[in-house]
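K.L.:
Below: one structure in structure tokens.
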Amino acid sequence: MFVVPFWLVSHVSLQAKDQHDWQRDIDPILNDHCVKCHGPLKTKAGLDLSTFHGLIKGGENGPVVLAGEAESSPLYQVLLKDADPHMPPKKQLPDEAIENIRLWIQHFQELPTSDIEKWNEDTLPAINPEAEQIPLPEGFLGNQVIDFYIERRLQAQGIAPTPVCDDRTFQRRLCLDLVGHPPTLDESEAFLRSPHVDKRSREVKRLLRTEAFATHFAELFDTMLMERRGKRWEDRRRKNGWLDYLETVFADNRPWDGVVRELIVARKEGDADPRAIWFLYERENNHQAMAEAVAPVVFGTQVKCAQCHDHPLAHEIKQGHYWGMVAAFNRSKNIDTPSGIGIAESAIGGFISFANLKKESQAATLNFLNGVTVPEKRPSPDAKEQDLPEYYLVAPPAEKEKVETPAVPKFSRRAELADAVTQDNPLLARATVNRIWALLMGRGIVHPVDEINSTYPPSHPFLLNWLASDFESSGFDLHHLISTLVTSDTYQRSAWTGPDRPAEKDTFAWAYEKPLTAEVIYRSLLVASGFQLRAPEGLEVDIEILRQSFIKHFPDVLPVEYNASLQQAMFLSNSPLIDALLNPANMNTTQTLLAVDDLEHRVKQAFLKIFGRWPDDRETSTAKVFLEQREDRPEDAIKQLLWAMLTSAEFLTNH
């Protein structure tokens, strides 16, 4: 069992409730309005409001929070409208924010002071995760471990989870998550009629073996690893084998640590897949872009905020970590050879320095966020390095010679980084687990998904710890991880339907409604409209144009907060591309429904084809009346009914 960093478990200490409530209710207010002047970059009056401990500690003028005495607490007093001095100086906080701060101060009986006087940026309260670890019942499988940890918190908070969903809901949810489209009617019928008591786990295994699974996850990871850059870049990725490479990774279930190593080393050597080179090659010699792309994959957190100074909120992320990552790549250079693209690496040079906020120059060393430092001899400032062939496994070409193959140094910074992040680095497993959890559950155990740092503690730290350890023990087996998650009761919960406000999202007490990604909406439309993922015969529009249109209007994968846009609504309302799918052709859904004479049966068939379920009595009655009122134009009536269903929240979310 590896040791959990303090910043993954700190909120389960003795001050757990105080700190968790601060993280949820108070920190966002202070971060938005106060930390610019009272934080690690500019600590006016000696007051750092960027951390829980800094807030409790106070500043040069003493404490700003007095236990249970909000009206007397300086933090609250300076926020009032007539305060002098008033904070923030030129802005009034919303009444709700001020009241939240008042209530938070008022609930204290005493302040948690035991560790505060000892605390500073480099000395943090020690926490022993083993001492707080809750023993697991013997013999539990992975999916049972998930439910054990989730249900313990629900019980402690007095929250009743929703029941496990029915078979229809489960299969639709699973298909959308694993293969990127809803089940066909034949698949649904086969699953519902299956006599096997373990038919849900059988369905998981079936889907993981499909080509559609590999394609869907390749699309997801392409977007998360590379970002969407438009059709031209997508075509280049396909031409250079990147998308095929990702499909192979998921189809063959390649160990994820090996995949990460291939992405970073980016060389044709041994069993390495040369198509992985495109990951760095597309960054076009931008070494900072390389570092910023790799950090969330191997450490689970963005490091961009540490480019010009230590991270202002997550104090464990130093400026030296950012530039250490950059240094790992800055001997690399894109080349084109007769055998394809490559990334050469020099054996010399690339020694850079960075300036901190005090304008002091510091040397960038191979020092990484997980605590690994790679020793490297640095030449004196006036020394001139010689680039000699004996420094290389594959030497660069002599002057005026053509490049036949990328240069490979004996000491490779990229290889050293790859070793540092794929060997004895629990952050790699934790980052991967959190990302896959977020894809399947709708949000990460740490949210946002690529901010696993002290600013965003996990909702269930020991569960994240256990899953990461299990993922490592499995040999970084992605199929194993996915199967573990989707066979849990936590994944299979029903959506929230009660009249009361639902439990907080980070409790995972209910199934979170996930917005579909562009590719999933596109494929779901093809299935629901009756074209079954093939190039629709008789369709007047190019389906590739249709796919690109959805990518343009629905670009996000795992947004921090999803917000539907006016542009999306206008596209769904007015696009002739969507309308063309509903023109009767080749026995698609519209043409099939036109052949059904009984209006009630027509409505039921429409619901089954679009939503994968039967309508209730009210839905049947309403839709039937709609069709009856348009009996003189049945084709238009059916198209309008189908359009309303295909653009509904029920169709466009996974629930």
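The values are calculated or read from the model by the stated rules, or taken from the named source; none is laboratory data. If you're wondering where the values come from, they're calculated on a predicted model, not measured in any experiment. Cβ atoms come from the backbone with ideal geometry, glycine included; neighbour counts cover every protein chain shown. Ligands, DNA and RNA are excluded from the accessible area calculation, which covers all protein heavy atoms including side chains. Shrake-Rupley method; radii C 1.70, N 1.55, O 1.52, S 1.80 Å.
K.L.:
Which of (1) surrounded by fewer than 17 Cβ atoms within 10 Å (Cβ to Cβ); (2) touching an Asp or Glu at 6+ places or on another chain (Cβ under 9 Å); (3) modelled with pLDDT of 80 or more does Lys57 not meet, given it meets every other one?
P.N.:
(1)
K.L.:
Just the residues that are basic (Lys, Arg), more than 22 Å from the chain's Cα centre (by Cα) and modelled with pLDDT of 95 or more, please, taken from the range 268-291.
P.N.:
Of everything in the range 268-291, just one residue is basic (Lys, Arg), more than 22 Å from the chain's Cα centre (by Cα) and modelled with pLDDT of 95 or more, namely Arg275.
K.L.:
Looking at (1) out of contact with any strand residue (DSSP E or B) (no Cβ under 7 Å at 6 or more places or on another chain); (2) surrounded by 23 or more Cβ atoms within 10 Å (Cβ to Cβ); (3) farther than 30 Å from Asp198 by Cβ; (4) modelled with pLDDT under 95, find the lone condition where Asn465 falls short.
P.N.:
(3)
K.L.:
For the range 200-215, which residues satisfy the criterion of being touching a Ser or Thr at 6+ places or on another chain (Cβ under 9 Å) and in contact (Cβ under 8 Å) with a residue 24 or more places away in the chain?
P.N.:
Arg200, Ser201, Glu203, Val204, Lys205, Leu208, Ala214 - these are the residues of the range 200-215 that are touching a Ser or Thr at 6+ places or on another chain (Cβ under 9 Å) and in contact (Cβ under 8 Å) with a residue 24 or more places away in the chain.
K.L.:
Still on this structure, I have one more. Looking at the range 297-311, which of its residues are open to solvent by 30 Å² or more (accessible area, probe 1.4 Å) and either assigned to a loop (DSSP other than H, G, I, E, B) or within 17 Å of Arg413 (Cβ to Cβ) (or both)?
P.N.:
Gln302, Gln307, Cys308, His309, Asp310
K.L.:
In the range 154-187, which residue that is among the polar types (S, T, N, Q) and either at pLDDT below 95 or not in a helix (DSSP H, G or I) (or both) is most open to solvent (accessible area, probe 1.4 Å)?
P.N.:
Among those that are among the polar types (S, T, N, Q) and either at pLDDT below 95 or not in a helix (DSSP H, G or I) (or both), it is Gln155.
K.L.:
Filter the range 136-153 for residues that are of a type in the set (Phe, Trp, Tyr) and assigned to a helix (DSSP H, G or I); which is farthest from Arg193 (Cα to Cα)?
P.N.:
Tyr149
K.L.:
Continuing with this model, one more query. Checking Leu627 against (1) closer than 28 Å to Phe191 by Cα; (2) crowded, with 19+ Cβ neighbours inside 10 Å, which single condition isn't satisfied?
P.N.:
Among (1) closer than 28 Å to Phe191 by Cα; (2) crowded, with 19+ Cβ neighbours inside 10 Å, the lone unmet condition for Leu627 is (1).
This table checks each residue for (1) part of a loop (DSSP other than H, G, I, E, B); (2) in contact with a strand residue (DSSP E or B) (Cβ under 6 Å, 6 or more places away or on another chain).
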{"site": "Lys333", "(1), (2)": "no, yes"}
{"site": "Asp336", "(1), (2)": "no, no"}
{"site": "Ile343", "(1), (2)": "no, yes"}
{"site": "Gly350", "(1), (2)": "yes, no"}
{"site": "Lys359", "(1), (2)": "yes, no"}
{"site": "Leu369", "(1), (2)": "yes, no"}
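K.L.:
Here's a follow-up. Look through Val596, Val603, Val557 and report the one residue that is surrounded by 19 or more Cβ atoms within 10 Å (Cβ to Cβ), more than 19 Å from Val520 (Cα to Cα) and of a type in the set (A, V, I, L, M).
P.N.:
The conditions single out Val603.
K.L.:
Additional query: Suppose the filter is over 28 Å from Ala569 (Cβ atoms), surrounded by 15 or more Cβ atoms within 10 Å (Cβ to Cβ), of a type in the set (Lys, Arg) and modelled with pLDDT of 95 or more; does Lys639 pass it?
P.N.:
No, not satisfied.
K.L.:
Could I ask something else about it? Are any residues in the range 374-401 open to solvent by 70 Å² or more (accessible area, probe 1.4 Å) and touching a residue at least 12 places away in the same chain (Cβ under 8 Å), and if so, which ones?
P.N.:
Result: Arg378, Glu385, Gln386, Asp387, Tyr391, Leu393.
K.L.:
Here is a list of conditions, (1) over 35 Å from the mean Cα position of the chain (by Cα); (2) open to solvent by less than 60 Å² (accessible area, probe 1.4 Å), and Pro615 meets all of them except one; can you say which number that is?
P.N.:
It is condition (1) that Pro615 fails.
K.L.:
Residue pairs, Cβ under 8 Å, 6 or more apart or interchain, first in the range 69-96 and open to solvent by 100 Å² or more (accessible area, probe 1.4 Å), second assigned to a loop (DSSP other than H, G, I, E, B). List them.
P.N.:
Lys81/Gln92
K.L.:
In a loop (DSSP other than H, G, I, E, B), farther than 23 Å from Phe471 by Cα, out of contact with any helix residue (DSSP H, G or I) (no Cβ under 6 Å at 6 or more places or on another chain) and of a type in the set (Lys, Arg): does that describe Arg229?
P.N.:
yes
K.L.:
Of all residues in the range 96-151 being under 16 Å from Asp470 (Cα atoms) and of a type in the set (S, T, N, Q), which is modelled with the lowest pLDDT?
P.N.:
Only one residue tops the list, namely Gln133.
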